[in-house]
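First the structure, in the form of structure tokens, and then the observations on it.
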């Protein structure tokens, strides 16, 4: 296979290809959280900025803590199940104007329906439903690729870098790409920080 690609370059991956991911870590700053999704069959990390409440909702369930009363995402999942649907998977499917988008896929008796969602809500539902999380290839392509640290020194360096990590450090060349093909004029002129906060605004 290596010989076949020699001199021709690697074939471009399909933008819609879904890569299975899992939660690598949650980092908390003063007023927000960063959730890192790691590629299961690869070495890429995807950081997504979310609100503190959403980060807490994910962390509580991810750590195995069971609360006496249901939170918003517990209630949502219970309602979905009572209506006869099951959560099949969630997919982080796009990145526009520095805002991540996701979809929740539901199935019932051979039927499938898709719900638009913020990644934070989709992931909070996924950890409760025990379903698989995916990220489309185009989302990785639009972000600066972070590699999973392997050695202890790499882990320490990675944690130190998280302290100063900003959204604008991740969205590589996205602003330039979108300026050539503007699709949402009302979002133009906003900083990546402002756009991301709007996309992940607290609702709990």
Query - Unmet criterion (only one of (1) modelled with pLDDT of 60 or more; (2) touching a strand residue (DSSP E or B) at 6+ places or on another chain (Cβ under 6 Å); (3) more than 17 Å from residue 43 (Cα to Cα)) for residue 139 - result: (3)
**Report entry** Contacts under 8 angstrom Cβ, first residue in region 19-36 being free of Cβ contacts under 8 Å to residues at least 60 places away in the same chain, partner assigned to a loop (DSSP other than H, G, I, E, B), 6 or more apart
**Finding:** 33/51
Query raised in the report: Just to be sure, is residue 23 buried (at least 18 other Cβ atoms within 10 Å of the Cβ), within 12 Å of the chain's Cα centre (by Cα) and at pLDDT 90 or above?
Result: no
Query raised in the report: So which pairs qualify, if the first residue must be in region 109-135 and under 20 Å from residue 82 (Cβ atoms), the second must be part of a loop (DSSP other than H, G, I, E, B), the Cβ gap must be under 9 Å, and the two must be at least 6 apart or on different chains?
Result: 109/84; 111/85; 113/85; 121/203; 124/71; 125/131
Requested in this report: Within region 110-133, identify whether any single residue is surrounded by fewer than 21 Cβ atoms within 10 Å (Cβ to Cβ), out of contact with any strand residue (DSSP E or B) (no Cβ under 9 Å at 6 or more places or on another chain) and either within 20 Å of residue 56 (Cα to Cα) or at pLDDT 95 or above (or both), and answer yes or no.
Outcome: yes
**Report entry** Yes/no for residue 76 being more than 18 Å from residue 23 (Cβ to Cβ) and more than 16 Å from the chain's Cα centre (by Cα)
**Finding:** yes
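The values are calculated or read from the model by the stated rules, or taken from the named source; none is laboratory data. Given the structure is predicted, the values throughout are model-derived calculations rather than measurements. In this analysis, Cβ positions are derived from the backbone assuming ideal geometry, glycine residues included, and neighbour counts consider all displayed protein chains.
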